[in-house]
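Input: a single structure, listed below in structure tokens.
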Amino acid sequence: VTLLNTDTKTHYSFIEQKGNYDVARAAWIADYKDPETFLGISRKASGNNYSNYNSPAYEAAMDKAAAAGGKPEERMKELAAAERILVDDVGEIPLLYYSYHDIVSSKVHGFDDNVMDIHPSRFISKD
């Protein structure tokens, strides 16, 4: 086993070579509240698909989810099917989950919780 410790820029440049390693670490944070924010990175055409994962069954399930459009229950069912395929196929191990807590006075308005923890001040006001 050869371990290679590098700075972030070099690391991602290395794993973007798609396949020149056996095990690598990558990070991702949800930018919106939906399973697709994580499932989408494993699609064949995703620029973040560092493992070069390619499964016709996974692509079909993701396509069905996208086609479900205005049918949320059907869409979630297809996303769950895609997730099952991915979990069965790929060796991914979550190492870290971000956690944060915002303590906000009831006098503050416009401070909405969101997965990116971004709170533009132009929307915030105080009684």
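Residues of region 17-32 that are within 19 Å of Ala66 (Cα to Cα) and either more than 10 Å from the chain's Cα centre (by Cα) or surrounded by 13 or more Cβ atoms within 10 Å (Cβ to Cβ) (or both): Ala30 alone.
Can you name the residue in region 1-16 that is loosely packed, with under 10 Cβ neighbours inside 10 Å and more than 18 Å from Ile93 (Cβ to Cβ) and, of all such residues, is farthest from the chain's Cα centre (by Cα)? Per the stated criteria, the residue is Thr2. The criterion of being loosely packed, with under 15 Cβ neighbours inside 10 Å, farther than 21 Å from Ala24 by Cβ and within 17 Å of the chain's Cα centre (by Cα) does not hold for Ala57. Taken over region 85-115, the criterion of being over 30 Å from Pro56 (Cβ atoms), surrounded by 10 or more Cβ atoms within 10 Å (Cβ to Cβ) and of a type in the set (A, V, I, L, M, F, W, C) is satisfied by Val104, Val108, Phe111, Val115. From the list Ser42, Ser106, the lone residue that is of a type outside the set (A, V, I, L, M, F, W, C) and under 30 Å from Ile124 (Cβ atoms) is Ser106. The residue that is surrounded by the fewest Cβ atoms within 10 Å (Cβ to Cβ), among those in region 33-52 that are among the charged types (D, E, K, R) and over 19 Å from Asp113 (Cα atoms), is Lys44.
A short reminder: the numbers here are calculations on the coordinates, not readings from a lab. Note that this is a predicted model, so its numbers are computed, not measured. For neighbour counting, all protein chains shown are included, and Cβ atoms are generated from backbone atoms with ideal geometry for every residue, glycine included.
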